[in-house]
Amino acid sequence: MIVDLTNKQGLVTGITNENSIAFGCAKQFHEANAELATTFLNAKAEPYMRPLAVQLQSPLILPCDVQKEEEIIALFAAIEKKWGKLDFLLHSMAFAPKIDLENQLLDCTKEGFLKAMDISCYSFIRLSKYAAPLMKNGGSILTMTYYGSQKAILNYNVMGVVKAGLEASVRYLAYELGPKNIRVNAISPGPIKTRAASGIPNFYEYIEAAEQRSPLHHLVDTKNVGNLAAFLASDAAIGITGQVHYIDAGYSIVG
Ligand SMILES: NC(=O)c1ccc[n+]([C@@H]2O[C@H](COP(=O)([O-])OP(=O)(O)OC[C@H]3O[C@@H](n4cnc5c(N)ncnc54)[C@H](O)[C@@H]3O)[C@@H](O)[C@H]2O)c1
């Protein structure tokens, strides 16, 4: 591991189990010597997530359902109290109601659309709003997106629209926070078997296509994504902001 995050404190959201992309990232942050605050969704999720956070030696393990403003406020208050600053933030979450995710976009309900947008996109803006004042020495804000934002991909449906909004948010937040030396980037991994991915109909077809059609003919894993995230969180990534970084074995360049 050549990246060094010594003396850096980061907030990692989106760990639900050991397959979570956020956990893969957190392990690489930890290996690079960062100290991590971590969040779980709710009381039901906590028993599965907490042992992973303990493994990461996380001194702050807090609830954060991004639909609950009071939990976001309490989370950042705890970070401010503990560290007085924050160096990086990983936003790694997405949700859409099952029926709206499975239906074609034409049939997406207004309620489902707004919920997907709220949890998967607006939450990124909201967490950034709270994180930025704590990034007193500059910082790095990261989110997870997918290629379905750029191309109409079978079965990605409403989530493609939401991810397009997320990627645009990366650009606007990078523009707005650049003067504070805060970098904002998205990582766009190829398909990885996770709980969120299991909600996409016929996800195995994404896996097969990635293996067959990507120039490198292999899948990426959460450790690969974690290494990129650790680099982007580090000072070595100076000058890199507002971008979507693909880590997909090259799948997105194939016509
Ligand atoms: N798995 C893939 O193939 C893939 C590819 C590209 C991008 N991504 C993105 O990576 C991110 C992480 O997903 P994952 O694949 O690791 O799956 P995951 O199921 O492990 O993680 C999804 C996370 O979203 C969180 N979440 C859902 N609703 C929430 C809420 N209201 N408040 C706070 N957190 C909430 C869950 O608790 C969970 O931790 C998502 O943005 C996903 O779209 C995944």
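The values are calculated or read from the model by the stated rules, or taken from the named source; none is laboratory data. Since this is a predicted model, take the numbers as computed values, not measurements. All Cβ positions, even for glycine, are placed from backbone atoms using ideal geometry, and neighbour counts span all protein chains on display. Ligands, DNA and RNA are excluded from the accessible area calculation, which covers all protein heavy atoms including side chains. Shrake-Rupley method; radii C 1.70, N 1.55, O 1.52, S 1.80 Å.
Tabulated data for the structure shown
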quantity: Filter pass, GLY199 being on the phi > 0 side of the Ramachandran plot and touching a residue at least 60 places away in the same chain (Cβ under 8 Å); calculated: no
quantity: Per-region count, region 60-76, residues within 17 Å of the chain's Cα centre (by Cα), hydrophobic (A, V, I, L, M, F, W, C) and surrounded by fewer than 16 Cβ atoms within 10 Å (Cβ to Cβ); calculated: 0
quantity: Residues being in contact (Cβ under 8 Å) with a residue 60 or more places away in the chain and not acidic (Asp, Glu) - total across region 83-114; calculated: 14
quantity: Test: residue in region 197-220 that is at pLDDT 95 or above, within 11 Å of the ligand (Cβ to nearest atom), over 14 Å from the mean Cα position of the chain (by Cα) and within 23 Å of TYR122 (Cβ to Cβ); calculated: no
quantity: Total residues in region 137-158, condition buried (at least 24 other Cβ atoms within 10 Å of the Cβ) and either closer than 17 Å to TYR251 by Cα or within 14 Å of the chain's Cα centre (by Cα) (or both); calculated: 7
quantity: Which listed residue, of ALA74, ALA53, ALA78, is among the small types (Gly, Ala, Ser) and over 26 Å from LEU232 (Cβ atoms); calculated: ALA74
quantity: Any hit, region 231-245, residues being of a type outside the set (Gly, Ala, Ser) and touching a Pro at 6+ places or on another chain (Cβ under 6 Å); calculated: no
quantity: Flag if GLU31 is within 14 Å of the ligand (Cβ to nearest atom) and open to solvent by 50 Å² or more (accessible area, probe 1.4 Å); calculated: no
quantity: In region 78-118, residue most open to solvent (accessible area, probe 1.4 Å) [restricted to those that are within 16 Å of the ligand (Cβ to nearest atom) and among the aromatic types (Phe, Trp, Tyr)]; calculated: PHE95
quantity: Positions within region 1-27 being more than 11 Å from the ligand (Cβ to nearest atom), open to solvent by 10 Å² or more (accessible area, probe 1.4 Å) and within 14 Å of LEU90 (Cα to Cα), in sequence order; calculated: LYS8, GLN9, LYS27
quantity: Pair list, Cβ < 6 Å and 6+ apart or interchain, from region 179-194 residues that are closer than 18 Å to LEU89 by Cα to residues that are near the ligand (Cβ under 6 Å from one of its atoms) and part of a strand (DSSP E or B); calculated: ILE187/MET144
quantity: Filter result for the condition that a residue is of a type in the set (A, V, I, L, M), under 21 Å from PHE76 (Cβ atoms) and in contact (Cβ under 8 Å) with a residue 12 or more places away in the chain, over MET159, MET135, MET117; calculated: MET135
quantity: Qualifying positions in region 30-59 - under 17 Å from LEU89 (Cβ atoms) and more than 19 Å from the chain's Cα centre (by Cα); calculated: PRO59
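Yes/no matrix, rows are residues, columns are (1) out of contact with any Asp or Glu (no Cβ under 6 Å at 6 or more places or on another chain); (2) modelled with pLDDT of 95 or more; (3) within 13 Å of the ligand (Cβ to nearest atom); (4) among the small types (Gly, Ala, Ser):
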{"site": "MET144", "(1), (2), (3), (4)": "yes, yes, yes, no"}
{"site": "SER149", "(1), (2), (3), (4)": "no, yes, yes, yes"}
{"site": "ALA152", "(1), (2), (3), (4)": "yes, yes, no, yes"}
{"site": "VAL158", "(1), (2), (3), (4)": "no, yes, yes, no"}
{"site": "LYS163", "(1), (2), (3), (4)": "yes, yes, yes, no"}
{"site": "GLU167", "(1), (2), (3), (4)": "yes, yes, yes, no"}
